[in-house]
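Structure first, then comments.
The values are calculated or read from the model by the stated rules, or taken from the named source; none is laboratory data. Quick caveat: nothing in here was measured; it's all calculated off a predicted structure. All Cβ positions, glycine included, derive from the backbone under ideal geometry; neighbour counts span all protein chains shown. Keep in mind that these areas ignore ligands, DNA and RNA; they rest on the heavy atoms of the full protein, side chains included. Shrake-Rupley method; radii C 1.70, N 1.55, O 1.52, S 1.80 Å.
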Amino acid sequence: MNDLLWALAAAGTGALVALAFRAPALASPPPWSLRTNVSGRQVPAVLGVGVVLGGAGGGLAGALGRGDGLGRLEAATAIAFLGLAAAGLWDDTRGDESPRGFGGHLRAGRLTGGLVKIAAGGLAGIAAAALLYRDDLVMAALTALAVPLAANLFNLLDRAPGRTGKVALLAGLPLLAMGDERWAVDAAGAFGALAALLPADLGERGMLGDAGANPLGALVGLGLAVSLDAAPLGAVVVVLLALNAASERWSFSKVIESSPPLRALDELGRK
């Protein structure tokens with residue numbers, strides 16, 4: 001069975017794991033998970049845990065089924081995905097925090113969930129870069145930036161039902177089809193899980209939360225790093241830097257609302 005078939009098997013496994021998680025998680029969500037969404041409804045931010053469980057199960061099934069062992073790419077993927085998931089879940093359990101933006105967390109004068117995610121993203125990016133590009137300083141530096149910047153961007157987008165999920169699929173599906181084949185097998189479980197849980201997100205029955213948005217972004221960032229050469233990856237990193245910097249000054253939600261095409265995409269599938 002080639003890598004494409006193993007990626008499909010991993011995606012299916014991830015979707016099944018996520019669906020098995022969804023019903024009990026939404027039926028009895030923990031009190032810490034409740035968030036007030038853009039419609040003023042109390043919605044549990046638990047779907048991200050389903051993405052992580054599906055991603056881990058699907059990725060492991062695909063990598064083991066392929067039969068050629070777990071290598072440095074599998075280790076880098078696990079570090080980026082699970083590291084950002086753990087930091088995001090820790091932040092989710094703390095509830096809503098008043099500091100917003102990179103500057104706000106730095107000026108808070110205390111340990112915030114945002115600071116933990118910034119540190120986790122940076123460390124995960126450095127670790128992944130060291131595993132994959134120990135002999136290529138340019139690619140190592142770009143990878144170390146792509147992982148945390150993409151993770152933070154996806155977290156910033158998680159402000160409306162299904163927004164981060166749709167962006168993740170729009171970015172991830174081309175990478176799964178045309179990017180690095182080994183990464184595709186490792187990552188397909190997470191995207192299969194996301195696809196299975198997206199209707200609940202769009203229907204305002206659950207939210208990804210930081211535990212889902214951050215690892216999905218890290219996964220896309222790593223996929224870009226292993227699928228692109230230095231020049232196009234450098235251009236992507238510049239765009240990611242610009243978008244992260246822009247978020248400190250402008251609201252993405254307001255920008256989306258002011259653009260009819262973006263607003264139509266943002267509202268697609270929502271109630």
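Descriptive notes on the structure:
- Leading residue by the ranking (nearest to ARG72 (Cα to Cα)) among those in segment 130-162 that are part of a loop (DSSP other than H, G, I, E, B) and among the small types (Gly, Ala, Ser): GLY162
- Taking first residues from segment 48-62 that are at negative phi and partners that are open to solvent by 10 Å² or more (accessible area, probe 1.4 Å) and charged (D, E, K, R), the Cβ contacts under 8 Å between residues at least 6 apart in sequence or on separate chains come to GLY48/ASP210; GLY50/ARG22; GLY59/GLU74; GLY59/ASP186; GLY62/ASP186.
- In segment 66-80, residue most open to solvent (accessible area, probe 1.4 Å) [restricted to those that are under 22 Å from GLY12 (Cβ atoms) and within 17 Å of the chain's Cα centre (by Cα)]: ALA78
- For ALA127: the one exception among (1) in a helix (DSSP H, G or I); (2) in contact (Cβ under 8 Å) with a residue 60 or more places away in the chain: (2)
- Filtering segment 244-255 to residues that are touching a residue at least 60 places away in the same chain (Cβ under 8 Å) and open to solvent by less than 70 Å² (accessible area, probe 1.4 Å) leaves ASN244, SER247, PHE252, SER253.
- Test: ILE118 is at negative phi and at pLDDT below 90: yes
- Residues (more than 9 Å from the chain's Cα centre (by Cα) and small (Gly, Ala, Ser)) located in segment 198-215: ALA200, GLY203, GLY206, GLY209
- Matching residues in segment 5-30 - criterion: being under 22 Å from the mean Cα position of the chain (by Cα) and under 16 Å from ALA177 (Cα atoms): TRP6, ALA7, LEU8, ALA9, ALA10, ALA11, GLY12
- Any hit, segment 25-39, residues being part of a helix (DSSP H, G or I) and farther than 18 Å from ASP201 by Cβ: yes
- Looking only at segment 27-65, residues that are open to solvent by 40 Å² or more (accessible area, probe 1.4 Å) and among the hydrophobic types (A, V, I, L, M, F, W, C) come to 10 in all.
- Pairs, first within 16 Å of ASP180 (Cβ to Cβ) and in contact (Cβ under 8 Å) with a residue 12 or more places away in the chain in segment 69-83, second open to solvent by 30 Å² or more (accessible area, probe 1.4 Å) and of a type in the set (Lys, Arg), C-beta under 7 Å, six or more apart: LEU73/ARG182
- Screening ARG249 with (1) modelled with pLDDT under 95; (2) in a helix (DSSP H, G or I) gives one miss only, at (2).
Here's the yes/no breakdown for (1) over 25 Å from ASN244 (Cα atoms); (2) at pLDDT 75 or above:
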{"position": "THR36", "(1), (2)": "no, yes"}
{"position": "ALA63", "(1), (2)": "yes, yes"}
{"position": "GLY69", "(1), (2)": "yes, no"}
{"position": "LEU89", "(1), (2)": "no, yes"}
{"position": "GLY113", "(1), (2)": "no, no"}
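Here is a yes/no grid of residues against (1) over 14 Å from LEU219 (Cβ atoms); (2) open to solvent by 60 Å² or more (accessible area, probe 1.4 Å); (3) touching a strand residue (DSSP E or B) at 6+ places or on another chain (Cβ under 9 Å):
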| site | (1), (2), (3) |
| --- | --- |
| ALA140 | yes, no, no |
| LEU145 | yes, yes, no |
| PHE154 | no, no, no |
| ARG163 | yes, no, no |
| ALA168 | no, no, no |
| ALA177 | yes, yes, no |
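- Taking the listed residues LEU233, LEU216, the one that is of a type outside the set (Lys, Arg), crowded, with 24+ Cβ neighbours inside 10 Å, assigned to a helix (DSSP H, G or I) and at pLDDT 95 or above is LEU216, with no other qualifying.
- Residue check for VAL226: crowded, with 16+ Cβ neighbours inside 10 Å and part of a helix (DSSP H, G or I): yes
- Qualifying residue in segment 182-196 (condition: crowded, with 24+ Cβ neighbours inside 10 Å, touching an Asp or Glu at 6+ places or on another chain (Cβ under 9 Å) and in a loop (DSSP other than H, G, I, E, B)): no
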